[in-house]
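For reference, the structure discussed in these notes is given below.
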Amino acid sequence: MDRIVVEGGVPLEGRIEISGAKNACLALMPAALLSEEPLTLTNAPLLSDIRTMTALLQSLGVEVSGLQGGHVLAMSGASVDNHTADYDIVRKMRASILVLGPMLARYGHATVSLPGGCAIGARPVDLHLRALEAMGAELDLREGYVHARAPGGRLKGADFTFPLVSVGATENALLAATLAEGTTILRNAAREPEIADLARCLRAMGARIEGEGTSEITIEGRDSLHGATYPVIADRIELGTYMLAPAITGGRVELVGGSRELVAAFADKLEAAGVDIEESADGLVVSRRNGPLKAVDVRTEPFPGFPTDLQAQMMALLCVAEGKSKLEEMIFENRFMHAPELIRMGASIDVHGGTATVTGVERLKGAPVMATDLRASVSLVLAGLAAEGETQVKRVYHLDRGYERLEEKLRACGARIRREPDDG
Ligand code: EPU
């Protein structure tokens, strides 16, 4: 296993290119199951989660090519011959459940392992299943698998209201509804940019969809979809993470391919904390030349609110901001695993249930640290960039799930960061 070693204290200066969005790509890839014709995604990120989804699709018979060093992923669903998503792959990544809707819609049956909990919370899939049931699916939960069947071989359009906003459940229902018989209305749907990206891609494949980006999406089912070539949207969480790099170290970084509308609520908080953000011809420029950072309160919410996927990274910044900040995590019940690690670096944080109170300290100090999820891990890298001395972040495989060429991108801006083998 590898670790990342950061020597802190260097103000970052330079340009970082934002990659395609992991969470958009993970929802777009299962769309290949909806058509006999090829779906080609460009701007796909080179990440281990994308390789896991590739392996899952291949296990179902989807032919996948590309992506070795490039960012093009060509998929053909012409010879899908297995309709069971096995536990051994699904357990590695919860987004695997996204093959259920499209497989059921195209073949009339599908069997998918239940993903189980994960480090940040229990994360059930009941909403995915309820939406598919509303479309007529008959579900049987046996031996850890969902066995799903559409009576008569085809799902039926439905008017379904999500009892709570779920990104994944909206995606699964949207994928399935494109091939259902009749019209589906999804109410209280998630409004994340990744949902809009999926809807645009499905439309490029011939689907009839309206209202994406709002909480009511209408889909008129088609008999079949055709192939398409589609570019994956920029990763707003990678963007927000790298916006924090010059914010926490001081300095100035241009985020190429970024746009404010992808991270508006987050950008507002960053400005309130004393960070400058400007739009440029190529993206966004973030800088903090002088002056202290100031405390701000943050509450995570579904889009367009402050994203839960940037809460850990924002906490790292607030550890060195003047005053007391309150962070409320409203989406996941156990998403403060970075707090004890940041405390080991000298931060002052009190966690009570879903609320963390951070009292800014003048400086963090390097330490060996480790986290159990992706965003927590990257928050420790950010803290390490600002800390005095050396920080070692262990269990780098979490970072490789969501950040393409992390060390390379940060090093290009002057960061002293390297990856090395870790036997401990
Ligand atoms: N929920 C249910 N039942 C369900 C589905 C969700 O109770 O059937 C609950 C969840 O437990 C959670 C809340 O609803 O408390 C919201 O979960 P959501 O379904 O929106 O999350 P997700 O689709 O599982 C995606 C991202 C996450 C991101 C969340 C929230 C992907 C692959 N994952 O997860 O990304 O945190 O939306 O924005 O798109 C990450 O990239 O680090 C990450 C965890």
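Show me the strands (runs of 3 or more DSSP E) found entirely inside region 309-411 where at least 2 residues are over 30 Å from residue 46 (Cα atoms) and not polar (S, T, N, Q).
Working: elements: 324-328, 348-352, 355-359, 368-370, 390-394.
The strands (runs of 3 or more DSSP E) meeting that bar are 324-328, 348-352, 355-359.
Would you please name the residue that is surrounded by the fewest Cβ atoms within 10 Å (Cβ to Cβ), looking only at residues in region 387-414 that are closer than 20 Å to residue 237 by Cα and aliphatic (A, V, I, L, M)?
412
For (1) among the acidic types (Asp, Glu); (2) touching a His at 6+ places or on another chain (Cβ under 9 Å); (3) more than 16 Å from the ligand (Cβ to nearest atom), each residue gets a yes or a no:
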residue	(1), (2), (3)
276	yes, no, yes
281	no, no, yes
287	no, no, yes
294	no, no, yes
299	no, no, no
304	no, no, no
307	no, no, no
310	no, no, no
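May I ask you to list the residues in region 250-261 that are surrounded by fewer than 24 Cβ atoms within 10 Å (Cβ to Cβ) and in contact with a strand residue (DSSP E or B) (Cβ under 8 Å, 6 or more places away or on another chain)?
Taking region 250-261 first, the residues surrounded by fewer than 24 Cβ atoms within 10 Å (Cβ to Cβ) are 250-252, 254, 256-257, 259-261.
Listed by number, the residues that qualify are 250, 251, 252, 254, 256, 257, 259, 260.
Can you confirm whether region 161-174 contains a residue that is more than 15 Å from the ligand (Cβ to nearest atom), in contact (Cβ under 8 Å) with a residue 12 or more places away in the chain and more than 20 Å from the chain's Cα centre (by Cα)? Show your work before the answer.
So the first thing to find is which residues in region 161-174 are more than 15 Å from the ligand (Cβ to nearest atom), and the list is none.
No.
Please pick out the residue among 9, 61 that is within 23 Å of residue 155 (Cα to Cα) and either surrounded by fewer than 18 Cβ atoms within 10 Å (Cβ to Cβ) or among the aromatic types (Phe, Trp, Tyr) (or both).
Values: 9 fails: within 23 Å of residue 155 (Cα to Cα).
Result of the check over 9, 61: 61.
Could you check region 358-379 and list, in sequence order, the residues that are among the β-branched types (Val, Ile, Thr) and within 16 Å of the ligand (Cβ to nearest atom)? Break it down into steps so the answer makes sense when it comes.
Here is the first cut: in region 358-379, the residues among the β-branched types (Val, Ile, Thr) are 358-359, 361, 369, 372, 378.
Within region 358-379, 372, 378 meet the criteria.
Would you mention how many residues in region 121-159 are surrounded by fewer than 14 Cβ atoms within 10 Å (Cβ to Cβ) and either of a type in the set (Asp, Glu) or within 19 Å of residue 221 (Cα to Cα) (or both)?
Going through region 121-159 one residue at a time, the tally reaches 8.
Would you say residue 303 is more than 18 Å from residue 121 (Cβ to Cβ) and aromatic (Phe, Trp, Tyr)? First the steps, then the outcome.
Values: more than 18 Å from residue 121 (Cβ to Cβ): yes; aromatic (Phe, Trp, Tyr): yes.
Yes.
Specify the residue that is modelled with the lowest pLDDT; the eligible residues are those in region 115-147 that are within 11 Å of the ligand (Cβ to nearest atom) and in a loop (DSSP other than H, G, I, E, B).
Per the stated criteria, the residue is 117.
The values are calculated or read from the model by the stated rules, or taken from the named source; none is laboratory data. This one's a predicted model, so the numbers in the text were calculated from it and none came from an experiment. Note that each Cβ is placed from the backbone with ideal geometry, even for glycine, and that neighbours are counted across all protein chains shown.
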